[in-house]
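These notes are about the structure you will find just below.
The values are calculated or read from the model by the stated rules, or taken from the named source; none is laboratory data. Bear in mind the structure is a predicted one, so any value in this text is a computation, not a measurement. Ideal geometry is used to build each Cβ from the backbone, glycine not excepted, and the neighbour counts take in all protein chains shown. Just the protein is used for accessible areas: all its heavy atoms, side chains included, with ligands, DNA and RNA removed. Shrake-Rupley method; radii C 1.70, N 1.55, O 1.52, S 1.80 Å.
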Amino acid sequence: MIKLKINIKIKAWPRLGRSEAAQGYFLVAPPFLYALLLLAAPLAAIVLFSFWTQDYLTLDTTLTLKNYREALSDPLYGELLLRSLVISLAVTAATVLTAFPIAYFISFSVPPSRKSMWIFLITIPFWSSYLMRVFLWKVILGYNGVLNTTLTGLGIIDEPLSFILYNANAVVITLAHAYAPFAILPIYVALEKIDRSLLEASRDLGESRVMTFLRVTLPLAMPGVVAAVLIVFIPTIGDYVTPRLVGGPNGLMIANMIQTQFLKLNNAPMGAALAVLAMAMVTAVSLVFLFLNRRYLKGQK
């Protein structure tokens with residue numbers, strides 16, 4: 001009897017191990033715990049901090065909406081939030097509109113044997129430091145920088161342009177260059193998954209190249225476009241290094257104020273409240289974009 005029970009238990013464990021559900025839970029558990037500890041816990045701490053108050057070194061843990069009332073009533077914070085939203089939307093539009101033709105060219109015009117080389121060339125900017133690229137843009141866009149010197153030497157302009165550095169324009173240009181590879185790659189992957197026979201069928205049915213692109217290629221590539229938009233929009237609204245280095249007073253964003261609240265003014269609760277408002281704004285805009293994208297795809301069916 002004892003041997004029989006042991007054999008039954010031994011046979012039961014392999015069945016449990018072969019269970020697809022058990023294997024799935026086993027594989028998901030480590031990354032889930034990792035995300036819970038390193039993402040959810042800090043986020044919950046930020047939200048909790050936003051309901052506290054701080055007077056230099058004295059932290060009052062009494063729950064209050066004072067920080068949110070001040071953040072929503074002070075015109076400075078509102079201006080920074082609006083400027084951050086406008087800059088992020090401009091960077092996203094510039095990046096995706098520039099990335100799509102490049103991804104389309106690689107997917108449809110480059111021979112298969114050379115596509116890997118093009119993808120390799122796209123990733124070259126990642127080899128250098130992000131700060132180095134930002135400083136290089138300062139050299140390019142400066143009053144006596146490469147761009148102004150070249151345009152002046154060619155006689156295109158009489159005096160150096162002053163609106164391309166230390167303002168929102170410089171932030172948009174620098175961030176668009178920095179996030180271009182992040183937009184090109186997901187769009188390229190989506191275009192590569194398109195069945196070319198569908199495009200041939202559209203042409204055989206009498207559609208022009210433009211209508212084939214609008215009614216077949218673009219809807220099928222939309223998952224990659226959505227991924228590119230979210231990948232670019234979400235991190236740019238929280239960038240504070242680029243606005244600090246090339247933005248000047250008129251190019252600072254909400255992330256710069258959050259950094260100031262945490263590190264210089266020693267007011268972590270206010271910084272946390274601004275961070276929560278920025279996250280809420282990002283979430284709202286992302287949901288609106290996803291809703292419009294879904295409506296667009298339904299209209300194409």
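Given Ile122, Ile173, which one is open to solvent by 50 Å² or more (accessible area, probe 1.4 Å) and at pLDDT 90 or above? Outline the logic, then answer.
Working: Ile122 fails: open to solvent by 50 Å² or more (accessible area, probe 1.4 Å).
Just one listed residue meets the conditions, Ile173.
Just so you know, in segment 95-128 the residues that are small (Gly, Ala, Ser) and out of contact with any helix residue (DSSP H, G or I) (no Cβ under 9 Å at 6 or more places or on another chain) include one that is farthest from Asn167 (Cα to Cα), and it is Ser113. Pairs linking a residue in segment 110-123 that is within 20 Å of Tyr179 (Cα to Cα) to a residue that is open to solvent by less than 40 Å² (accessible area, probe 1.4 Å), with Cβ atoms under 7 Å and 6 or more positions apart or on different chains, are Trp118/Ile106; Trp118/Val110; Ile122/Pro181; Ile122/Ile184; Thr123/Pro181.
In segment 282-291, is there at least one residue being of a type outside the set (A, V, I, L, M, F, W, C) and within 16 Å of the chain's Cα centre (by Cα)? Yes, segment 282-291 has at least one match. Residues that are closer than 20 Å to Pro223 by Cα, open to solvent by less than 50 Å² (accessible area, probe 1.4 Å) and without any contact (Cβ under 8 Å) to a residue 24 or more places away in the chain within segment 187-212 comprise Leu199, Thr212, listed in sequence order.
Would you check which residues across segment 24-35 are of a type outside the set (A, V, I, L, M) and either open to solvent by 90 Å² or more (accessible area, probe 1.4 Å) or at pLDDT below 50 (or both) and list them?
Step one: filter segment 24-35 for residues of a type outside the set (A, V, I, L, M), giving 24-26, 30-32, 34.
Those that are of a type outside the set (A, V, I, L, M) and either open to solvent by 90 Å² or more (accessible area, probe 1.4 Å) or at pLDDT below 50 (or both): Tyr25, Phe26, Phe32, Tyr34.
Here Val171 meets each of (1) over 14 Å from Ala90 (Cα atoms); (2) part of a helix (DSSP H, G or I); (3) touching a Gly at 6+ places or on another chain (Cβ under 7 Å); (4) among the aliphatic types (A, V, I, L, M) with one exception, condition (1).
Just wondering, is there one or more residues in segment 129-143 that are touching a His at 6+ places or on another chain (Cβ under 9 Å) and either in a helix (DSSP H, G or I) or modelled with pLDDT of 95 or more (or both)?
At the first step, the residues of segment 129-143 found to be touching a His at 6+ places or on another chain (Cβ under 9 Å) are 133, 137.
After this cut, where a residue has to be either in a helix (DSSP H, G or I) or modelled with pLDDT of 95 or more (or both) as well, the list is 133, 137.
Looking for residues that are touching a His at 6+ places or on another chain (Cβ under 9 Å) and either in a helix (DSSP H, G or I) or modelled with pLDDT of 95 or more (or both), one finds at least one in segment 129-143, hence yes.
When you check Thr242 against the structure, is it open to solvent by 20 Å² or more (accessible area, probe 1.4 Å), among the polar types (S, T, N, Q) and either in a loop (DSSP other than H, G, I, E, B) or under 30 Å from Met132 (Cβ atoms) (or both), yes or no?
On the way: open to solvent by 20 Å² or more (accessible area, probe 1.4 Å): no; among the polar types (S, T, N, Q): yes; either in a loop (DSSP other than H, G, I, E, B) or under 30 Å from Met132 (Cβ atoms) (or both): yes.
So Thr242 fails the test.
Give segment 147-159 a look and list any residue that's surrounded by 10 or more Cβ atoms within 10 Å (Cβ to Cβ), of a type outside the set (S, T, N, Q) and over 30 Å from Ile254 (Cα atoms), or say none.
Quick first cut of segment 147-159, residues surrounded by 10 or more Cβ atoms within 10 Å (Cβ to Cβ) only: 147-152, 157.
When the remaining residues are screened for being of a type outside the set (S, T, N, Q), the result is 147, 151, 157.
Leu151, Ile157, listed by residue number.
When the test is whether a residue is surrounded by fewer than 19 Cβ atoms within 10 Å (Cβ to Cβ) and not in a helix (DSSP H, G or I), Val110 passes it. The residues of segment 47-67 that are part of a helix (DSSP H, G or I) and farther than 14 Å from Asn267 by Cβ, listed by number, are Val47, Leu48.
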